[in-house]
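*Asks:* The structure under discussion is supplied below as structure tokens; questions concerning it will follow.
The values are calculated or read from the model by the stated rules, or taken from the named source; none is laboratory data. Bear in mind that the values here come from a model prediction, so they are computed numbers and not experimental data. Cβ atoms come from the backbone with ideal geometry, glycine included; neighbour counts cover every protein chain shown.
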């Protein structure tokens, strides 16, 4: 089970770093509403630009904490719980704008992975 949890940690971290650092300005089929990039997505949710930057900073920080948690295990659970809360909020935002289920699947998947890491770490 330990290796599965470590794989979950890395999957979450790499996925979030990819979305926020490499793909923030790119269109994906999972963006909320009709958004073509991260800023448009937050706008579709009715959230200001500064909030996007704040959430991005928090998610990137917690993703890095999950990676650091491979060596410093005491930070793994708080990072996973924090990300789980953010992923729950992301799912709620998709519901708010009445996105099809497909668009919420990445957030729901990460939520499940974060809860798994939090529970087993």
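*Asks:* I'm checking my understanding of the structure. Among residues of the range 63-78 that are free of Cβ contacts under 8 Å to residues at least 24 places away in the same chain, in contact with a helix residue (DSSP H, G or I) (Cβ under 9 Å, 6 or more places away or on another chain) and assigned to a helix (DSSP H, G or I), which one is nearest to residue 18 (Cα to Cα)? Talk me through it step by step, then tell me what you get.
*Replies:* Of all residues in the range 63-78, those free of Cβ contacts under 8 Å to residues at least 24 places away in the same chain come to 65, 68, 71-72, 74-75, 78.
When the remaining residues are screened for being in contact with a helix residue (DSSP H, G or I) (Cβ under 9 Å, 6 or more places away or on another chain), the result is 65, 68, 72, 75, 78.
Now drop any that are not assigned to a helix (DSSP H, G or I), which leaves 65, 68, 75, 78.
On the way: 65: 15, 68: 17, 75: 21, 78: 21 Å.
Among residues in the range 63-78 that are free of Cβ contacts under 8 Å to residues at least 24 places away in the same chain, in contact with a helix residue (DSSP H, G or I) (Cβ under 9 Å, 6 or more places away or on another chain) and assigned to a helix (DSSP H, G or I), the one nearest to residue 18 (Cα to Cα) is 65.
*Asks:* Given the criterion at pLDDT 95 or above and touching a helix residue (DSSP H, G or I) at 6+ places or on another chain (Cβ under 6 Å), identify the matching residue among 104, 54. Working first, answer last.
*Replies:* Details: 54 fails: touching a helix residue (DSSP H, G or I) at 6+ places or on another chain (Cβ under 6 Å).
After applying the criteria, what remains is 104.
*Asks:* Regarding the range 109-116, can at least one residue be identified that is buried (at least 18 other Cβ atoms within 10 Å of the Cβ), more than 13 Å from the chain's Cα centre (by Cα) and not in a loop (DSSP other than H, G, I, E, B)?
*Replies:* The initial filter retains those residues of the range 109-116 that are buried (at least 18 other Cβ atoms within 10 Å of the Cβ), namely 110-111, 113-114, 116.
Remaining after also requiring more than 13 Å from the chain's Cα centre (by Cα): 116.
After this cut, where a residue has to be not in a loop (DSSP other than H, G, I, E, B) as well, the list is 116.
Yes, the range 109-116 contains at least one residue that is buried (at least 18 other Cβ atoms within 10 Å of the Cβ), more than 13 Å from the chain's Cα centre (by Cα) and not in a loop (DSSP other than H, G, I, E, B).
*Asks:* Can you run down the residue pairs with Cβ atoms below 7 Å, 6 or more apart or on separate chains, where the first is in the range 91-117 and free of Cβ contacts under 8 Å to residues at least 40 places away in the same chain and at positive phi and the partner is surrounded by 15 or more Cβ atoms within 10 Å (Cβ to Cβ) and assigned to a helix (DSSP H, G or I)?
*Replies:* Short answer, once both residue conditions are applied: none.
*Asks:* Scan the range 76-98 for residues that are surrounded by 18 or more Cβ atoms within 10 Å (Cβ to Cβ) and more than 17 Å from residue 110 (Cα to Cα) and report the count.
*Replies:* 0
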